[in-house]
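A short write-up of the structure that comes next.
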Amino acid sequence: MHEMGIAMQVMNIALESVPSEMAGVKIERVNLKVGKLAAVVPSSLRFCFEIIAKETVLAGAELSIQEVPVTAKCEGCGLQWRLDAPVFTCPSCESGSVKMLSGRELEITSIEIEDEE
Amino acid sequence: MEIKVVRNVLDVNKTLAGRNRDRFSQEKVFVLNLMSSPGSGKTTLLEKTLVQLAPDLKCAVIVGDVCTSNDADRLAVSGAPVVQVNTDQFGGDCHLAAHVIAAAADDIDLEDIDLLIVENIGNLVCPAEFDIGEDARAVVLSVTEGEDKPAKYPVMFRVCDAAILNKTDLLPYLDYDVGAAVGYMGQVHPEMPVFQLSAKTGEGIDPWIGWLKEQVTRKRSRG
């Protein structure tokens, strides 16, 4: 629902990440990691990003989103597993004391800029 | 050429939330972020909660709504200071962000209160994603909604420290399966306490009040 706000943050961080001596260089791709349980819809995020990136050095840049699966660790028996549904009960010992290891990510990992001819 | 960045997209909000958290801790104020879908009875629950807490704790409330000050007007009756935040001034947001709470807290005498309750925008998606510098989060679900809401909105139920199943006075008139709702919450967040109550009649409200008081006391004793 707040994908436009997220897209604006992504744009700001991407623009800030261009070293000053490269100012004005075209950014071709922004690489993002988005957890399956980060309340963000990748297709909406791409759509919003495309709109706000117009008339910036990010115009036409691809938002490359790597979706991160939800994984958890049981604090009882130590089992680590990947969740296909939001059920945070240990499948081995049925303990409910479970720590989420991944799935909430929402981070920019890198930007790719146009190579000079 | 690839330039490594590795920055959380919400790091501006996270930084501001951290600042809020430090400020609230310095003033020894416990902050509860209360969330739910629209119409689950958050404001009625707050009205009753404020009355119950009044003899023991000094409370203040920040109320978030997209529009109107209706909720603030209802809560002001309790005598607790209430600050209304309308997010349409900030772009019609679907959640309260840390900078909004920082500005609203300027209107509250933090030195004078023990507990600050933030009634977030009615929404089960976005508020779960935005840290506002709170100490605990609670979600209100009511028996007029689907039993499977916790499974449909797992992030919200996963990030909360307590859940309230509200409007239990309506159960005789509904085909609601309380066991199923509690079961779904147990799947998403097995160790989360669930308080079944009716904010309207006050039935079942005592354990919720007790939990809240315990949280405030625990923070105080940590210094």
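Only one of these is buried (at least 19 other Cβ atoms within 10 Å of the Cβ), part of a strand (DSSP E or B) and β-branched (Val, Ile, Thr): B:Val139, B:Val216. Name it.
Being buried (at least 19 other Cβ atoms within 10 Å of the Cβ), part of a strand (DSSP E or B) and β-branched (Val, Ile, Thr) holds for just one of B:Val139, B:Val216, which is B:Val139.
Can you spot a residue in region B:195-203 that is of a type in the set (A, V, I, L, M, F, W, C), touching a strand residue (DSSP E or B) at 6+ places or on another chain (Cβ under 9 Å) and within 26 Å of B:Ala98 (Cα to Cα)? Explain how you work it out, then say what you get.
Quick first cut of region B:195-203, residues of a type in the set (A, V, I, L, M, F, W, C) only: B:195, B:197, B:199.
Next, from what is left, pick out any that are touching a strand residue (DSSP E or B) at 6+ places or on another chain (Cβ under 9 Å): B:195, B:197, B:199.
Checking the rest, the ones that are also within 26 Å of B:Ala98 (Cα to Cα) come to none.
No; the residues of region B:195-203 include none that is of a type in the set (A, V, I, L, M, F, W, C), touching a strand residue (DSSP E or B) at 6+ places or on another chain (Cβ under 9 Å) and within 26 Å of B:Ala98 (Cα to Cα).
Of the residues in region B:1-42, how many are within 14 Å of chain A (Cβ to nearest Cβ) and either within 30 Å of A:Ile111 (Cα to Cα) or aliphatic (A, V, I, L, M) (or both)? So that I can check it myself, show each step before the final result.
Of the residues in region B:1-42, the ones within 14 Å of chain A (Cβ to nearest Cβ) are B:1-16, B:35, B:37-38.
Restricting the remaining residues to those that are either within 30 Å of A:Ile111 (Cα to Cα) or aliphatic (A, V, I, L, M) (or both) gives B:1-16, B:35.
Residues meeting the conditions: 17.
Please work out if B:Ile132 is part of a helix (DSSP H, G or I), among the aliphatic types (A, V, I, L, M) and buried (at least 22 other Cβ atoms within 10 Å of the Cβ). Lay out the reasoning, then the answer.
Details: part of a helix (DSSP H, G or I): no; among the aliphatic types (A, V, I, L, M): yes; buried (at least 22 other Cβ atoms within 10 Å of the Cβ): yes.
No.
Only one of these conditions is not met by B:Ala162: (1) away from chain A (no Cβ under 14 Å); (2) open to solvent by less than 10 Å² (accessible area, probe 1.4 Å); (3) within 24 Å of B:Gly79 (Cα to Cα). Which number is it?
(3)
Return the residues of region A:24-40 that are of a type in the set (A, V, I, L, M, F, W, C), closer than 26 Å to B:Cys94 by Cβ and assigned to a strand (DSSP E or B); say none if nothing qualifies.
Step one: list which residues in region A:24-40 are of a type in the set (A, V, I, L, M, F, W, C), which gives A:25, A:27, A:30, A:32, A:34, A:37-40.
Add one more test, that the residue is closer than 26 Å to B:Cys94 by Cβ, and what stays is A:30, A:32, A:34, A:37-40.
Result: A:Val30, A:Leu32, A:Val34.
Residue-by-condition table, conditions (1) at the interface with another protein chain (Cβ under 10 Å from one of its Cβ atoms); (2) surrounded by fewer than 17 Cβ atoms within 10 Å (Cβ to Cβ); (3) among the basic types (Lys, Arg); (4) closer than 23 Å to A:His2 by Cα:
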| site | (1), (2), (3), (4) |
| --- | --- |
| A:Ser20 | no, yes, no, no |
| A:Cys48 | no, no, no, yes |
| A:Lys54 | no, yes, yes, yes |
| A:Ala61 | no, no, no, yes |
| A:Cys74 | no, no, no, no |
| A:Gly78 | no, yes, no, no |
| A:Ser92 | no, yes, no, no |
| A:Val98 | yes, no, no, no |
| A:Glu107 | yes, no, no, yes |
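Hey, could you check region B:108-122 for residues that are over 17 Å from B:Leu46 (Cα atoms) and not hydrophobic (A, V, I, L, M, F, W, C) and say which is most open to solvent (accessible area, probe 1.4 Å)?
Pass one, region B:108-122, residues over 17 Å from B:Leu46 (Cα atoms): B:108-112.
Add one more test, that the residue is not hydrophobic (A, V, I, L, M, F, W, C), and what stays is B:109, B:111-112.
On the way: B:Asp109: 100, B:Glu111: 154, B:Asp112: 76 Å².
Only one residue fits best here, namely B:Glu111.
Considering only region A:80-90, state which residues are surrounded by fewer than 12 Cβ atoms within 10 Å (Cβ to Cβ) and under 25 Å from B:Pro193 (Cβ atoms).
Across region A:80-90, the qualifying residue is only A:Ala85.
Which number in (1) closer than 22 Å to A:Met100 by Cβ; (2) within 11 Å of chain B (Cβ to nearest Cβ); (3) open to solvent by 40 Å² or more (accessible area, probe 1.4 Å) marks the one condition that A:Val34 misses?
Here A:Val34 meets the rest and fails (3).
The values are calculated or read from the model by the stated rules, or taken from the named source; none is laboratory data. Keep in mind that what you see is a predicted model, and the values were worked out from it rather than measured. Ideal geometry is used to build each Cβ from the backbone, glycine not excepted, and the neighbour counts take in all protein chains shown. Side chains included, ligands, DNA and RNA excluded: accessible areas come from the protein's heavy atoms. Shrake-Rupley method; radii C 1.70, N 1.55, O 1.52, S 1.80 Å.
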